[in-house]
Amino acid sequence: ISMEMLVWADYIFGMTAGHCYTLESLWAEGMAPPQLLSPTHEDIADPIGGALADYRTCAAQILACLKARLPEFLEA
């Protein structure tokens with residue numbers, strides 16, 4: 001991700017609290033505050049290096065979180 005992309009984004013989501021912490025350390029004027037993708041503030045396990053099933057589970061979790069957050073996007 002680039003600083004240009006971070007400043008341009010209306011929303012910045014991380015899959016884990018660690019991702020959000022890293023993004024917060026890059027904060028710049030005009031940047032949306034990073035937040036967890038999960039509306040219940042739970043980490044989504046990063047599947048990197050895992051089996052195909054891990055990636056599918058992660059994709060399903062991301063989709064469920066996006067569907068849950070959709071009303072927030074529509075209200076903005």
**Complete:** For the chain, the percent of accessible surface on carbon and sulfur atoms (probe 1.4 angstrom, ligands and nucleic acids excluded) is 63 percent
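For the chain, just say rounded, prolate or oblate: build the C-alpha gyration tensor, square-root its eigenvalues into a ≥ b ≥ c, call rounded for a/c under 1.5, and beyond that prolate if a/b exceeds b/c, oblate if not. Don't skip to the answer; put the middle values down first.
Numbers: a/c = 2.19, a/b = 1.35, b/c = 1.62.
Judged from the Cα gyration tensor, the chain comes out oblate (a/c at least 1.5, b/c at or above a/b).
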**Environment charge at F13 (Cβ cut-off 14 Å; Lys +1, Arg +1, Asp -1, Glu -1)** = -4
**Item:** For L36, distant residues with modelled amide H under 5 Å away
**Value:** G14
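Can you give the accessible area per residue of the chain, in Å², using a 1.4 Å probe?
Numbers: 5400 Å² over 76 residues.
Accessible surface, normalised per residue, equals 71 Å².
The values are calculated or read from the model by the stated rules, or taken from the named source; none is laboratory data. All figures in this text were calculated on a predicted structure; none of them were measured in a lab. Neighbour counts run over all protein chains shown; Cβ positions are idealised from the backbone, glycine included. Ligands, DNA and RNA are stripped out before the accessible areas are found, and what is left, the full protein with its side chains, is counted by its heavy atoms. Shrake-Rupley method; radii C 1.70, N 1.55, O 1.52, S 1.80 Å.
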